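These notes are about the structure you will find just below.
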């Protein structure tokens, strides 16, 4: 007897997504999804930034119960301790800098969005007239308007209302476990570069940096405030003209992904907080 003949035929589901951009139709290649988040490995090598404690996992202990099968527990059940802003890929909203509590869950996009990936080499602070606040100094590295324009000339400009994904060069997997408190100051965005993104109506910014701004900038957060449409030093959420915008930091974009257009599925943990761990998924957009 042919055993395979008794089995039901597998059901194949071919999912196709198309996107219209400036009158042209693009197809999302869902078979080539790329996760550009950094896996958060508790109690293991992970990114370090701003002196935050490493993310940790501790088995739950309640009476005779212990949430660790290796120690005789019936199930694994752990408590997790983390600082979303400092321990890995996260998405944040303007509540990061305001007196008012604003939840990233309320502004995170629910539908896929079109985005463009650009690779840039940060420029030395002393070689450019662009600035990112008043605390920069020689030796810093800036993501400049000039470098973004040059990268955009080799790819497609961000569409209105979409996402911009910035990959800094050189790019290697050490970013997934790098200690950003040691060594040189991490690169950061110039004010001019951020204003350019706002002029293009970029609503969701994804970077492979620990912060848009200089790590030690006396609390100015110049790029953050520009991106959210806030005046310098403002902490009033009601004055923001771009309260819907989100910033995703600590991504890692593999070098195998070419610059160009993608469909972005920005998956954000449903935290009622200014920031939450996130998992951006990129699907290449191909012309039909």
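Take the residues in segment 60-83 that are outside any strand (DSSP E or B) and within 24 Å of residue 250 (Cα to Cα), then tell me which one is farthest from the chain's Cα centre (by Cα). First the steps, then the outcome.
Taking segment 60-83 and keeping what is outside any strand (DSSP E or B), we get 60, 63-64, 67-77, 82-83.
Now narrow it down to the ones that are within 24 Å of residue 250 (Cα to Cα): 82-83.
On the way: 82: 17, 83: 15 Å.
Per the stated criteria, the residue is 82.
Of (1) at pLDDT 95 or above; (2) in contact with a helix residue (DSSP H, G or I) (Cβ under 9 Å, 6 or more places away or on another chain); (3) loosely packed, with under 14 Cβ neighbours inside 10 Å, residue 47 satisfies all except one. Which?
All conditions pass for residue 47, except number (3).
So that you can scan it fast, the table gives a plain yes or no per residue for (1) in contact (Cβ under 8 Å) with a residue 40 or more places away in the chain; (2) surrounded by fewer than 22 Cβ atoms within 10 Å (Cβ to Cβ); (3) over 23 Å from residue 143 (Cβ atoms); (4) out of contact with any strand residue (DSSP E or B) (no Cβ under 8 Å at 6 or more places or on another chain):
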| residue | (1), (2), (3), (4) |
| --- | --- |
| 216 | yes, yes, no, yes |
| 220 | yes, yes, no, yes |
| 231 | no, yes, no, yes |
| 237 | yes, yes, yes, yes |
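For residue 57, state whether it is over 23 Å from residue 281 (Cα atoms), within 27 Å of the chain's Cα centre (by Cα) and not in a loop (DSSP other than H, G, I, E, B). Before you say what the answer is, go through the steps one by one.
Values: over 23 Å from residue 281 (Cα atoms): yes; within 27 Å of the chain's Cα centre (by Cα): yes; not in a loop (DSSP other than H, G, I, E, B): yes.
Taking the combined requirement at face value, the residue satisfies it.
Which one is farthest from the chain's Cα centre (by Cα) among residues in segment 176-190 that are outside any loop (DSSP other than H, G, I, E, B) and surrounded by fewer than 20 Cβ atoms within 10 Å (Cβ to Cβ)? So that I can check it myself, show each step before the final result.
Residues of segment 176-190 that are outside any loop (DSSP other than H, G, I, E, B), as a first pass: 176, 179, 188-189.
After this cut, where a residue has to be surrounded by fewer than 20 Cβ atoms within 10 Å (Cβ to Cβ) as well, the list is 176, 179.
Numbers: 176: 13, 179: 18 Å.
Restricting to residues being outside any loop (DSSP other than H, G, I, E, B) and surrounded by fewer than 20 Cβ atoms within 10 Å (Cβ to Cβ), the top hit is 179.
The conditions are (1) touching a residue at least 24 places away in the same chain (Cβ under 8 Å); (2) part of a loop (DSSP other than H, G, I, E, B); (3) touching a strand residue (DSSP E or B) at 6+ places or on another chain (Cβ under 7 Å), and residue 19 fails exactly one of them. Which is it?
Of the numbered conditions (1) touching a residue at least 24 places away in the same chain (Cβ under 8 Å); (2) part of a loop (DSSP other than H, G, I, E, B); (3) touching a strand residue (DSSP E or B) at 6+ places or on another chain (Cβ under 7 Å), the odd one out for residue 19 is (2).
Taking the condition of being buried (at least 16 other Cβ atoms within 10 Å of the Cβ) and assigned to a loop (DSSP other than H, G, I, E, B), how many residues in segment 84-103 meet it?
7
The values are calculated or read from the model by the stated rules, or taken from the named source; none is laboratory data. In this text the structure is predicted, and so the values were computed from the model without any measurement. Virtual Cβ from ideal backbone geometry, glycine too; neighbours counted across all protein chains shown.
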